[in-house]
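Okay, structure first, notes after.
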Amino acid sequence: MAETDKRIQVVCGRLDMLINDTSVPRNIRLGGDKAKVALMDARRAMDVRAATATSILDELANDQNIPMHARTLVWNIMSQLETLK
């Protein structure tokens, strides 16, 4: 369980980078916050939390207004989320 908690902390840290980046459009930052809330929802099973966050991030990555550096960060977060499933 401790390993999973570490991975969640790393993912949340990266999501915070996305959320706090003012060069990223507001809808992308709000989506990052929504993904973080979904990931931290302890009432759900870990696989459901990770899948929900991945789904939200996938929508963000396909947004045409997302800057390339933010898209790369989203892809990185998504790949880390895959290890939580």
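The values are calculated or read from the model by the stated rules, or taken from the named source; none is laboratory data. These figures come from a predicted structure and were not determined experimentally. All Cβ positions, even for glycine, are placed from backbone atoms using ideal geometry, and neighbour counts span all protein chains on display.
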Looking at (1) touching a residue at least 40 places away in the same chain (Cβ under 8 Å); (2) over 14 Å from E82 (Cα atoms), find the lone condition where M46 falls short. (2)
Contact list, first residue from region 1-28 and in contact (Cβ under 8 Å) with a residue 40 or more places away in the chain and among the small types (G, A, S), second anywhere and surrounded by 10 or more Cβ atoms within 10 Å (Cβ to Cβ) and assigned to a helix (DSSP H, G or I), beta-carbon distance below 9 Å, six or more apart or interchain, is S23/H69; S23/A70
If only one of I8, I28, I56 is crowded, with 17+ Cβ neighbours inside 10 Å, at pLDDT below 95 and assigned to a helix (DSSP H, G or I), which one is it? I8
In region 11-25, residue nearest to T83 (Cα to Cα) [restricted to those that are surrounded by 13 or more Cβ atoms within 10 Å (Cβ to Cβ) and under 11 Å from the mean Cα position of the chain (by Cα)]: V11
Candidate set from region 31-53 (those that are assigned to a loop (DSSP other than H, G, I, E, B) and not charged (D, E, K, R)); member that is surrounded by the fewest Cβ atoms within 10 Å (Cβ to Cβ): A42
